[in-house]
Amino acid sequence: MSPPEERPLGREPASYTVAGFLAATALFAGFVALVYYPGRVGPAAMFVALLAAAMGGFQSRFAAWALVAVTASWFLGMVLAVIFERPIF
């Protein structure tokens with residue numbers, strides 16, 4: 001019976017770091033969806049946030065909050081587009 005393999009201390013998989021960058025990108029795109037075509041930008045930002053959340057790791061909480069913020073930004077952007085009669089797509 002061999003001992004379980006251990007990762008060196010301080011080394012996390014690269015996917016954890018990529019998940020953080022994807023979550024930050026989704027958050028930025030979500031805020032852009034407030035003012036610029038929420039029907040196009042919002043769903044794409046939600047997809048990226050979902051992808052970041054699925055990657056997991058130590059950035060999973062940040063990715064979850066990014067998904068909540070992106071969804072709220074998309075909804076608010078759609079409401080503002082209807083109220084101010086701006087294009088949705």
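Quick one: order Trp74, Trp65 by neighbouring beta-carbon count within 10 Å, fewest to most.
So the residues, fewest neighbours to most, are Trp65, Trp74.
Going by how many other beta carbons lie within 10 Å of each one, how would you line up Ser15, Ser60, fewest first? Kindly include the intermediate steps, with their values, before the conclusion.
Details: Ser15 14, Ser60 17.
Neighbour counts put them in this order, fewest first: Ser15, Ser60.
Taking the Cα atoms only, what angle lies between the long axis of helix 14-32 and the longest principal axis of the chain, rounded to 10 degrees?
10
Taking θ as phi - 60°, what are the ³J(HN,Hα) couplings along the range 58-71 by the Karplus curve (6.51, -1.76, 1.60), each to the nearest whole Hz, with x for Gly and Pro?
Calculated HN-Hα couplings, in order: 6, 9, 5, 5, 4, 5, 5, 5, 5, 5, 5, 5, 5, 5 Hz.
Quick note: the coordinates plus some simple rules give every number you see, no bench work behind them. None of these values were measured; they are calculated from a predicted model. With ideal geometry, Cβ positions are generated from the backbone for all residues, glycine too; neighbour counts draw on all protein chains shown.
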